Amino acid sequence: MNERSSRILVNGNHAVAYGVKLAQAQVVPVYPITPQTPIVEKISEFQAAGEMVVELMTAESEHSAMSACITASLTGVRVFTATASQGLMLMHEMLHYASGARAPIVMFNVNRTIGSPWGFWPDQTDSLAQRDTGWIQYYCENGQESLDTVLQAYRVAEKVLLPAMVMHEAFYVSHALEGVEVPDQEVVDQYLPVFDPPHRLDPDIGESWGNTVGQEMFYRHRRDLGLAMESAIEVAEEADAEWRKLTGRSYGIVEQYRCEGAELVIATMGSMAGTARETVDNLRDAGLPVGLLKVKLFRPFPLAAVRRVLNGVPKVMVLDRNFAPGTGGFLHQELKAALYGLEQGPVVHGYLAGVGGTNVSPTVMADWVREAMATQPAAGPVWKG
């Protein structure tokens, strides 16, 4: 354990709340929704105990909560909110507005099935359906990574002036207990500077936001937003490297695990990466050359890093705990696009695995690996589990 931290036993959602506390978020507009609510309940406990100076705003809906986030962020304060599933769906309109306003809000979304039918299970479709809203997107494997990524997300978002969304999955991570290292406040203060945006709503400055613009200005604005998103890859890598220096923990924008000489690489995001890592170890012990590519940063998509890891690998098996009707798995489609034209690119198998929270064990995953190694990919997505 790092000398400048303390180790506690918490669930994944409470780990997120500790990250928000360390980031010293000043305004937290929120609307409760399962299974996110424990995050803001814990923040409320910090506030009541005098451990956190924060304005908690209880809105009448998630749409209103995001509207309040945008307004607060544009005044130059650090803002946080959290949601899940249908709450994120209701925010959709304002997500576009937040990125257009270049408001570096950090939001935690606990991945949960979207209706209909009604359910409360782990599924990444809710956040992946927002991939084109102009938000940076991180996917986390466990509570420790979620805590650390909240802090990294603030550093990146406030540097490139774009909002950031951080995810972990319902129940598998959100309500699971684990030992988590909480860094000292001094460490975080060294890592995360005071938020001081170049533009903000302030009568003394005399700036405003929300006026109608012409076509040329709109064009320039969207172009600049795109350039900021592109720059976020390098900034995210720098933020992760600096976090490693301070805490010894690093995640990268992708993780490459035991890919040396691999004949097949499993590619996935979120909690399933832990299962995949165990599967890789088991198969390596059995003599099968298998590796893992964990995609942590999904927006902007780390195209160069993915191509570097997978160049020369014969096969990739993509496991998606999400589903886009008409195309299949989100990561499957992104990887195929990223690998297009690569001279020594792999054959790509797309499996819809764990959709709706169905359990995927290392044994079952190993069977899928053997199947993929022995067959050609299907024309469309393959439902598994």
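The values are calculated or read from the model by the stated rules, or taken from the named source; none is laboratory data. This structure is a prediction, so every number in the text was calculated from the model and none was measured. So basically every Cβ, Gly included, is an ideal-geometry build from the backbone, and we count neighbours across all protein chains shown.
Just a yes or no: is a residue in the stretch 136-145 surrounded by fewer than 19 Cβ atoms within 10 Å (Cβ to Cβ), among the aliphatic types (A, V, I, L, M) and in contact with a helix residue (DSSP H, G or I) (Cβ under 6 Å, 6 or more places away or on another chain)? Looking through the stretch 136-145, none of the residues is surrounded by fewer than 19 Cβ atoms within 10 Å (Cβ to Cβ), among the aliphatic types (A, V, I, L, M) and in contact with a helix residue (DSSP H, G or I) (Cβ under 6 Å, 6 or more places away or on another chain). All told, Gly354 falls short of being touching an Asp or Glu at 6+ places or on another chain (Cβ under 7 Å), crowded, with 24+ Cβ neighbours inside 10 Å, closer than 20 Å to Ala366 by Cβ and not assigned by TED's automatic domain parsing to the domain that holds Asp126. Restricting attention to the stretch 359-371, does a residue exist that is surrounded by fewer than 21 Cβ atoms within 10 Å (Cβ to Cβ), at negative phi, assigned to a helix (DSSP H, G or I) and within 23 Å of the chain's Cα centre (by Cα)? No, because not a single residue in the stretch 359-371 is surrounded by fewer than 21 Cβ atoms within 10 Å (Cβ to Cβ), at negative phi, assigned to a helix (DSSP H, G or I) and within 23 Å of the chain's Cα centre (by Cα).
Selection of first residues in the stretch 233-254 that are at positive phi and of second residues that are not in a helix (DSSP H, G or I), restricted to Cβ pairs under 6 Å at least 6 apart or on distinct chains, gives the following pairs, ordered by first then second residue: Gly248/Asn2.
Going by the conditions given, is Thr75 of a type in the set (Val, Ile, Thr) and over 21 Å from the mean Cα position of the chain (by Cα)? Taking the combined requirement at face value, the residue satisfies it.
I need the full set of residues from the stretch 250-273 which are within 19 Å of Gln137 (Cα to Cα) and either in contact with a Ser or Thr (Cβ under 7 Å, 6 or more places away or on another chain) or not polar (S, T, N, Q) (or both), in order please. Correct list: Tyr251, Gly252, Ile253, Val254, Glu255, Ala267, Met269, Gly270, Met272, Ala273. When you look at Thr133, is it crowded, with 22+ Cβ neighbours inside 10 Å and of a type in the set (Val, Ile, Thr), yes or no? It is false that Thr133 is crowded, with 22+ Cβ neighbours inside 10 Å and of a type in the set (Val, Ile, Thr). Residue count for the stretch 267-276 under the criterion of being touching a Lys or Arg at 6+ places or on another chain (Cβ under 9 Å) and under 14 Å from Met317 (Cβ atoms): the result is 6. The residues on offer are Val188, Val173, Val182, and the sole one that is buried (at least 16 other Cβ atoms within 10 Å of the Cβ), in a strand (DSSP E or B) and either modelled with pLDDT of 95 or more or over 20 Å from the mean Cα position of the chain (by Cα) (or both) is Val182. Exactly one residue out of Met229, Met272 is in the same structural domain as Cys140 (by TED's automatic domain parsing) and either at pLDDT 95 or above or surrounded by 22 or more Cβ atoms within 10 Å (Cβ to Cβ) (or both), and it is Met229.
A count restricted to the stretch 237-251 and to residues that are within 19 Å of the chain's Cα centre (by Cα), part of a helix (DSSP H, G or I) and crowded, with 18+ Cβ neighbours inside 10 Å stands at 3. Whether a residue is among the basic types (Lys, Arg), farther than 23 Å from Trp135 by Cβ and buried (at least 18 other Cβ atoms within 10 Å of the Cβ) was assessed, and Lys21 does not pass this test. When residues in the stretch 294-343 are screened for being surrounded by fewer than 14 Cβ atoms within 10 Å (Cβ to Cβ) and closer than 28 Å to Gly115 by Cα, 3 of them pass. Taken over the stretch 1-42, residues that are among the β-branched types (Val, Ile, Thr) and either within 20 Å of Val194 (Cβ to Cβ) or in a strand (DSSP E or B) (or both) amount to 6.
For the residues Val180, Val166, the requirement of being over 15 Å from Leu88 (Cβ atoms), in contact with a helix residue (DSSP H, G or I) (Cβ under 9 Å, 6 or more places away or on another chain) and among the β-branched types (Val, Ile, Thr) singles out Val180.
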